[in-house]
Protein chains: 2
Amino acid sequence: MTETSVPRERLLEVAERLFSKHGYAAIKLRDVAQAAGLHHSSLYHHAPGGKAQLFADAMQRGLDRHARELRARLDADDGDLRAQLRAAAGWVLANPAGNHARMLTTDLPNLPPEVGERIAVQAWRGLVGALAGVLRDARDRGEIVLDDGDTWLVGGALLAALQALQTADARFAGPRPAAHQADRLLDVFLDGLRPR
Amino acid sequence: MTETSVPRERLLEVAERLFSKHGYAAIKLRDVAQAAGLHHSSLYHHAPGGKAQLFADAMQRGLDRHARELRARLDADDGDLRAQLRAAAGWVLANPAGNHARMLTTDLPNLPPEVGERIAVQAWRGLVGALAGVLRDARDRGEIVLDDGDTWLVGGALLAALQALQTADARFAGPRPAAHQADRLLDVFLDGLRPR
DNA sequence: GTCTATAATTAGATAGAC
DNA sequence: GTCTATCTAATTATAGAC
């Protein structure tokens, strides 16, 4: 049983960063190879299936790590929904290149359908599913009111809104730090816009 | 004063549809030309600056139309925030290829900085700004509570959440129609998750 | 595991006829 | 305004030496 190769790990890490930031079509194999300190022909040793397989392997590895990191943050603040959502927001804002909507709609169609489908499910379960889980727990504790059929809907909306905030931050955010805006966003989700 | 050329309009319409759906890097000039019924070399007559200019012209034209359509829907349901937001949701769900976050983060960096910046501002003003406007109006009518500095934040979150819903719909939505889920999402924005 | 060399194809772009 | 023809460079991929 061989250990996981170190160069392969570094290659996948580099590939994940580039593909996540710029998208599948924009990144060329030479870009990945140069960033990893390899000749582009060497990539075919690690990913015999070529660009599509390299992308799939890199994204699977990245999504797995993302899900673990998010889960860890959510579990660390157990018992209070607001603290959990704030932890989730912190995670999103700390991850520079997160654009899972683009991955789903624009990148995955470049892969064989079964592979793309598996990655889409992995992304959805690991990220939206984790948020849906804490929402369900809070509902069970009586903190919030939420139908079982809507936990994924609200979890997805939360993730999308936070990633949009992260995207917009550099260009359009006001003078206040992103973390403060995320807090304000959580206020809206928890208390609503209408006066109480 | 010449009238706007018809073939040019159709070309821009086709280009906007393809670029919006698949992104700048994935669409080749030959794809656009074929869909428009032209030889790819003919594109340089309409966009002498090549692919980047064709993309910029197409997106500017598309964003202008989007802003007008959204504005029309918002103005049609004047006087009630919920009806206005429902109209906005209907517009988002009716537009198959909307992924403005990807355009901002992944597509625009392929353009000259000034051009990309102008399009980014146009997108933000026309879409998020329109939503921020109806939020501000509702605030002034006393329907909701919202700081002036947060109208754009909440407008952006609304747009992102609705587009994410549209994205997720085909693959992960439950049995209920997207319009119903959009309604439920508006409930959360208006009333919050916490019990009242 | 990595490289050199090379093939095969694709893509953006230009010149010039009609 | 559109086409044919052509060019140049980039891109994915493979074969085989080390």
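The values are calculated or read from the model by the stated rules, or taken from the named source; none is laboratory data. It should be emphasised that the depicted structure is a prediction, and the values quoted were computed from it without experimental measurement. Counting neighbours? That spans all protein chains shown, and the Cβs are built from the backbone with ideal geometry, glycine included. Note: areas computed on protein heavy atoms with side chains; ligands, DNA, RNA excluded. Shrake-Rupley method; radii C 1.70, N 1.55, O 1.52, S 1.80 Å.
Per-residue answers, yes or no, for (1) farther than 26 Å from residue A:93 by Cβ; (2) in contact with a Cys (Cβ under 9 Å, 6 or more places away or on another chain); (3) within 16 Å of DNA strand D (Cβ to nearest atom):
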position	(1), (2), (3)
A:18	no, no, yes
A:25	yes, no, yes
A:35	no, no, yes
A:54	yes, no, yes
A:67	no, no, no
**Prompt:** Based on what the data block shows, is residue A:97 surrounded by fewer than 21 Cβ atoms within 10 Å (Cβ to Cβ), touching an Asp or Glu at 6+ places or on another chain (Cβ under 6 Å), closer than 20 Å to residue A:70 by Cα and of a type outside the set (Phe, Trp, Tyr)?
**Reply:** no
**Prompt:** When you scan segment B:144-196, how many residues do you find that are within 7 Å of chain A (Cβ to nearest Cβ), more than 19 Å from the chain's Cα centre (by Cα) and in contact (Cβ under 8 Å) with a residue 12 or more places away in the chain?
**Reply:** 4
**Message:** Tell me whether segment A:94-115 contains one or more residues that are of a type in the set (D, E, K, R) and either over 24 Å from residue B:22 (Cα atoms) or away from every other protein chain (no Cβ under 12 Å) (or both).
**Reply:** yes
**Prompt:** Only one of (1) surrounded by fewer than 16 Cβ atoms within 10 Å (Cβ to Cβ); (2) of a type outside the set (A, V, I, L, M); (3) in contact (Cβ under 8 Å) with a residue 12 or more places away in the chain is not met by residue A:109, so which one is it?
**Reply:** (3)
**Request:** Exactly one condition in (1) more than 17 Å from residue A:182 (Cβ to Cβ); (2) in a helix (DSSP H, G or I) is not met by residue A:127; state its number.
**Result:** (1)
**Asked** Where in segment A:14-92 are there helices (runs of 4 or more DSSP H), lying wholly inside it, with at least 3 residues that are away from chain B (no Cβ under 14 Å), at pLDDT below 95 and away from DNA strand C (no atom under 16 Å from the Cβ)?
**Response** none
**Message:** Just to check your reading of the model, which residue among B:145, B:121 is open to solvent by 30 Å² or more (accessible area, probe 1.4 Å), at pLDDT 95 or above, closer than 21 Å to residue A:181 by Cβ and assigned to a loop (DSSP other than H, G, I, E, B)?
**Reply:** B:145
**Fill in**
Matching residues in segment A:73-93 (open to solvent by 20 Å² or more (accessible area, probe 1.4 Å), within 14 Å of the chain's Cα centre (by Cα) and over 28 Å from residue B:22 (Cα atoms)) number 2
**Request:** Being within 19 Å of residue B:52 (Cα to Cα) and facing another protein chain (nearest Cβ under 9 Å) is the filter here, so list the residues in segment B:116-125 that pass it.
**Result:** B:117, B:120, B:121
